[in-house]
Amino acid sequence: MKYVNVVIDNNTDHTDNLYTYSCADDNVRVGSKVTVPFAMGNRIKEAYVIQTADQLTEEIKGLKAVDAVDPEISLSEEAVATCIWMKRQYLCRYIDAIKCFTPAGTSSKRGKIRTPYKDATGESSGGKALTPEQKNAVESIRPVIAAGEHNVFLIHGVTGSGKTEIYMKVIEECIGRGRTAIMMVPEISLTPQTIDRFIGRFGTEQIAVLHSKLSLGERYDEWMRIRRGEVKIVIGARSAIFAPLENIGTIVLDEEHETTYKSDMTPKYDAVEVAIRRAKKNHAVVLLGSATPSLVSSYKAEQGEYHKILLKERYNGTPLPDVEIVDMREELKQGNRSIFSVSLYEEIKKNLAEKRQVILFLNRRGYSTFVSCRSCGYVMKCKECGISLTYHKSRNEAVCHFCGHSEKVPVLCPDCGGKYIKHFGTGTEKVEEMTREIFPDYNIDRLDLDTTTKKGSIDKILNSFRKGKTNILIGTQLVAKGLDFSNVGLVGIISADITLNVPDFRSAERTFQLITQAAGRAGRGDRRGRVLIQTYHPDHYAILAAKDHDYDTFYQSESLLRRQLGYPPFSDLMQVVLSAEKEKDALELCRQIAEEFIRGVGEEERRYVLGPQAAPMNKIKGLYRYQLLIKCFPGKRKAYTKVLNNIRLKISTDRNAKYLISVDVNPYSFL
Ligand SMILES: Nc1ncnc2c1ncn2[C@@H]1O[C@H](COP(=O)(O)OP(=O)(O)OP(=O)(O)O)[C@@H](O)[C@H]1O
Ligand SMILES: [Zn+2]
């Protein structure tokens, strides 16, 4: 007879505890999926074993027995340990963490394993001869793997330095030693080339690709292949970090600075942190790769927590693109009101004449930014969210980019009855229209959320650009993410100010990253490329540093500011959001929670609690939102999360409560 502590598969905070059962099946172990009779009615529920024991330390009255042990599905001990850690780290329930590690969906019962990407035609095995920089990188990682030690490497390599080649060599090394690997990319649909290269090198049998387009049945099949140990490499986006691999030797996070690695849904985990946690338990190495490492990662490298590897040159020696800043205030003075500065127009013309391709980047989709009345200043806003609606010309509608609500644009102003309702500002849809007007003889395409809703549309747009059919590609940040095309001569950044003006302490960091990444798409072949940055803030340090490809200077200025203000990487920033139907209630409860938190952690912490204040998105889907921001300095995380979690539980388990509470540690957006 064994005794087990289990977590019940229940979606509530009331039952987020460990429940003890006896178990007659000797096959039961930590991580087993079981069924148990639960609560008064003894309904059979699914559950997961967190602990096992041969004896009970004290007698339990009315101890029930496990109903059955699932022979197919189980978590590894390491996965269970990671779940317990996640619960503490991200203030989630046990079951929220466990669900990350278990397969969604059920067996497809088709008897045939369906592998996605089976038609991929990648490069043949062997790989390329490494450049000296690539070789140095691999050589400094190899001994750590040989020794079976854990370490984190921050591979800071300029755009086009060939980081993927390093990942593949390191993974090869691991597999040669009988170990496994996780290869993470920020967005799978944008990285078909990377996947092709891996499949070409390692073959489909050894690889599982996890992505959101898989059906539930496919996902289940892939999960089982991995769990049975048939797969050596798992490639995927954020959730692939939970792949049920054992004996992991390497975890790679490509473009480690990308916000997609942070989950904004429960559990609100950070895949970089989970990767390091899992790697430690597996004695594995973590490779964090980027041309623009996050400030947090660079700081950790500086502190000696990570080992930094620098790659300063593109693999083929082509210099980084030549970057020019265009002061849009001057354009205005010259009477140019178009979205194209004279220099940008001339550069586009020149590149098209030379048969080189052009990328135009603007980090805002839609046609205009807002719809407003010229006579009275009325602005169309989302009734649910309170944010201004964006005009989409192709649909002839004003759309809320937060909740998706859309409505027709009125002919007359609903406020003053005037007929001067107009749309202002620029989005990618308008850039496309303008570009078509000015360059009617060229093929122009657009890559943003609106043009990629249909299945396969991303592939289509990227393929036609790769083949050279598209002359000008216009897009949002999707075009800044790792695309590797050799014939791009020019990248034009229509407005660098959009990200700069977002109310977030990371806006400068994001701007620097986006410009550098977008610029990095230019001149990846043999000929040098050119980049034009249009801005009303030509003297901003983020823009100047991006122009000079000068990460270090940016890092120094930015970390100085962050240190003074006590922002990450010098603290963890915790966001507590209270939502309620009445604005007054949300504010009042937020106030109470602030006091309760301070009582819990001590009066001397009061100065680290900011707010309550209305969240920048004051109203979402009809609920008013108020927030507290808490700066949590090193050594305090445990105490803070404990108090916060108790507050959260009190609210979430109160059946009469009219509020919602959400706690997010280092969210990627504070809106
Ligand atoms: N040693 C090499 N020999 C030949 N070609 C190489 C070599 N290393 C990399 N390449 C090629 O260089 C291109 C860029 O490599 P990769 O996509 O890995 O760059 P990256 O460092 O990830 O850049 P980014 O940060 O811009 O995404 C690819 O087309 C790749 O095939
Ligand atoms: Zn809305």
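The values are calculated or read from the model by the stated rules, or taken from the named source; none is laboratory data. All of these numbers come straight from a predicted model, not from anything done at the bench. All Cβ positions, even for glycine, are placed from backbone atoms using ideal geometry, and neighbour counts span all protein chains on display. Note: areas computed on protein heavy atoms with side chains; ligands, DNA, RNA excluded. Shrake-Rupley method; radii C 1.70, N 1.55, O 1.52, S 1.80 Å.
For region 150-179, a residue qualifies if it is assigned to a loop (DSSP other than H, G, I, E, B) and within 9 Å of ligand 1 (Cβ to nearest atom), and the qualifying residues are VAL158, THR159, GLY160, SER161, GLY162. Of all residues in region 608-665, those satisfying the criterion of being part of a helix (DSSP H, G or I) and either within 16 Å of ligand 2 (Cβ to nearest atom) or not charged (D, E, K, R) (or both) are TYR608, ALA639, TYR640, THR641, VAL643, LEU644, ASN645, ASN646, ILE647, LEU649, ILE651, SER652.
With respect to the conditions (1) closer than 22 Å to MET434 by Cα; (2) touching a Lys or Arg at 6+ places or on another chain (Cβ under 8 Å); (3) at pLDDT below 90, LEU478 lacks only one, and its number is (2). Is it the case, given these coordinates, that TYR420 is within 16 Å of ligand 2 (Cβ to nearest atom) and either open to solvent by 10 Å² or more (accessible area, probe 1.4 Å) or in the same structural domain as ILE195 (by TED's automatic domain parsing) (or both)? Here the answer is no, as TYR420 does not meet what is asked. Being in a strand (DSSP E or B) and within 16 Å of ligand 1 (Cβ to nearest atom) is the requirement here; does VAL252 meet it? Answer is yes for this residue. Assuming GLU384 fulfils every condition listed in (1) in contact (Cβ under 8 Å) with a residue 40 or more places away in the chain; (2) within 14 Å of ligand 2 (Cβ to nearest atom); (3) part of a strand (DSSP E or B) apart from one, which condition is it? Every condition holds for GLU384 apart from (3).
Scanning region 452-459 turns up no residue that is within 22 Å of ARG197 (Cβ to Cβ), at pLDDT 95 or above and away from ligand 2 (no atom under 16 Å from the Cβ).
Scan region 400-415 and give yes if some residue there is surrounded by 19 or more Cβ atoms within 10 Å (Cβ to Cβ), more than 16 Å from ligand 1 (Cβ to nearest atom) and without any contact (Cβ under 8 Å) to a residue 40 or more places away in the chain, otherwise no. Checked region 400-415: at least one residue is surrounded by 19 or more Cβ atoms within 10 Å (Cβ to Cβ), more than 16 Å from ligand 1 (Cβ to nearest atom) and without any contact (Cβ under 8 Å) to a residue 40 or more places away in the chain. Of the candidates PHE202, PHE198, the single residue that is within 12 Å of ASP254 (Cβ to Cβ) and open to solvent by less than 40 Å² (accessible area, probe 1.4 Å) is PHE198. Looking at region 90-106, can you tell me whether even one residue there is of a type outside the set (Lys, Arg) and open to solvent by 40 Å² or more (accessible area, probe 1.4 Å)? Within region 90-106 (the criterion being of a type outside the set (Lys, Arg) and open to solvent by 40 Å² or more (accessible area, probe 1.4 Å)), the answer is yes, since at least one residue qualifies. Here the helices (runs of 4 or more DSSP H) wholly within region 272-366 that include at least 3 residues being open to solvent by less than 60 Å² (accessible area, probe 1.4 Å) are 295-302, 342-353. Quickly run through region 331-372 and pick out the residues that are at positive phi and touching a helix residue (DSSP H, G or I) at 6+ places or on another chain (Cβ under 8 Å). GLY366, the sole residue that qualifies.
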